[in-house]
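Here is the structure we will look at, set down as structure tokens.
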Amino acid sequence: MPARAIAPQPDLLRDILQLQSGRAHEFCGPARRVLAAWIMARQPKAAPVIWIRTRAHTEHVYPLGLRDWASPEGLITLTPRREADALACAEDALRSGAVALVVVELTAPPALTPTRRLHLAAETGLARRRNHTQDGTFLGLMLTPETGGAPGVESRWHMSPRPAPQSQMSVAPAWRLERLRARMAPTACWHVNEHLQAWRET
């Protein structure tokens, strides 16, 4: 059971998901796309977001399915053939600084070199973006299955569904969010309910 409640507040997940701008972060687990949608929701309405996934993925990103979490109007999807191409597209998108969020879905964690290249591209893109806008948020997200494991990422987060019984007739959606890796923070775990309120687990 959750041990300590965190007082609900508008930017609760922002306070927990402290993602350093200009770096590449890894989201893993069965609810990784929901977590990415929450980050997408931080962008201004209709702000362009690039979402990259190869043709090997049998599922597709359905913009209208994101409406409960984020504004889908600015979503741009790319479907390259190979994962190497997907990483190259993500690198180019980050380096350009044209959008504040780039999401790339992968079937397995990349090696260290591609991750480092994403970091360098994100740093370049952030510098270019700061020359044209006051918005300092600029992120690259890698979505990987299971518990991830991309070497060299700035942070790694795992999220999985954890339905919470609400009544005998319905089940409220909920999730278990884990911080598996972060350069400046220890591992931690939270229970998140349908209202995006979180409770720290011990």
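Laboratory data are not the source of any read-out in this text; all were calculated from the coordinates shown. Nothing here was measured: the structure is a model prediction, and the numbers come from that model. No Cβ is skipped: glycine too gets one built from the backbone with ideal geometry, and neighbour counts run over all protein chains shown.
For the chain, the antiparallel share of DSSP beta bridges with both residues in that region comes to about 50%. In region 10-87, the convex hull through the Cα atoms has an average projected area of 5.9 nm², a quarter of its surface area.
State which helices in the chain qualify, where a helix is a whole DSSP H run, it must extend 15 Å or more along its own axis by its Cα atoms, and its mean Kyte-Doolittle hydropathy must be at least -1.0. Spell out each step's value before the answer.
Details: long enough: 83-96 (20 Å, -0.01); 112-130 (27 Å, -0.67).
The answer, listed by residue number, is 83-96, 112-130.
Summing Lys and Arg as +1 and Asp and Glu as -1 over all other residues whose Cβ lies under 14 Å from the Cβ of LEU78 gives a net charge of -1.
Compared with the direct C-alpha span, the chain from GLU194 to ASP68 gains 44.3 nm at full extension, assuming 0.36 nm per residue. Taking label positions 7 Å along the Cα-Cβ direction at both ALA111 and GLN18, the computed distance is 3.4 nm, reported to one decimal. In plain terms, the bigger the Kirkwood radius, the slower the diffusion; for region 21-168, with that radius from Cα pairs, at 4 °C and 1.567 mPa s, Stokes-Einstein puts D at 84 µm²/s. With R₀ set to 22 Å, the beta-carbon distance separating ARG130 from THR77 gives a calculated FRET efficiency near 0.25.
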